[in-house]
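Please treat every number below as a calculation from the coordinates, not as lab data. Remember, predicted model here, so these are calculated numbers, not experimental data. We place every Cβ from the backbone using ideal geometry, glycine too, and count neighbours over all the protein chains shown.
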Amino acid sequence: MPDDASIIQYLNDLNQTIIVNDIMNRYSIRKTDLFKRLTNYVLLSNARIFSANSVLKHLKSEQLTCSINTVMKYLDYLEEAYVIRKVPQYSTKAKRELAFFVKIYDEDVSFNSIRQPANRYDLTHNLEKNCL
């Protein structure tokens with residue numbers, strides 16, 4: 001791409017196509033604001049340990065009401081569309097593996113980059129610029 005504005009426009013179009021057109025239309029999501037805010041929260045929090053309860057608590061702190069089943073469904077939709085990847089916790093004890101904590105990774109960190117405030121991009125995307 002010739003410049004940063006073109007890159008940002010492309011990433012925003014990609015985000016709009018995947019998140020809005022594909023997922024929201026495919027699953028007929030009616031709570032669009034809730035879904036977009038959940039998506040933003042998860043994508044900004046790349047590689048953190050999550051549980052559906054922790055996501056639900058965050059949404060409730062933002063005065064958004066939903067059920068734990070809705071959060072789990074929305075996370076499954078994002079995983080099915082290859083926006084995120086859930087990696088279960090590994091433990092040598094089977095009982096600990098039954099805990100419902102997973103790490104959620106962005107499949108493409110550009111989804112994280114376009115959500116960063118004040119154009120603070122992920123270092124891996126701007127490695128060439130930082131080295132110059």
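Which FRET efficiency value, to the nearest 0.05, do you get for residue 80 and residue 116 by plugging their Cβ-Cβ distance into 1/(1 + (r/R0)^6) with R0 = 35 Å?
FRET efficiency, residue 80 to residue 116: 0.90.
Could you sort 83-89, 56-62, 106-112, 26-32 so that the peptide with the highest average Cβ count within 10 Å comes first and the rest follow in order?
Ranked by mean Cβ neighbours within 10 Å, highest first: 106-112, 83-89, 56-62, 26-32.
Using label points projected 7 Å from each Cα along Cα→Cβ, tell me how many nm separate residue 90 and residue 41, to one decimal.
2.9
Which ³J(HN,Hα) values in Hz, rounded to whole numbers, follow from the phi angles of the stretch 12-23 under the Karplus curve 6.51 cos²θ - 1.76 cosθ + 1.60, where θ = phi - 60° and Gly and Pro get x?
5, 5, 4, 4, 4, 5, 6, 5, 7, 5, 7, 6
Which three semi-axes in whole Å describe the equivalent ellipsoid of the stretch 1-100, each the square root of 5 times a Cα gyration tensor eigenvalue, listed largest first?
Taking √(5λ) for each Cα gyration eigenvalue gives 27, 18, 13 Å.
Once both labels are modelled 7 Å past Cα along the beta-carbon direction, what's the residue 69-residue 30 spacing in nm?
My value for the distance between the label points is 1.4 nm.
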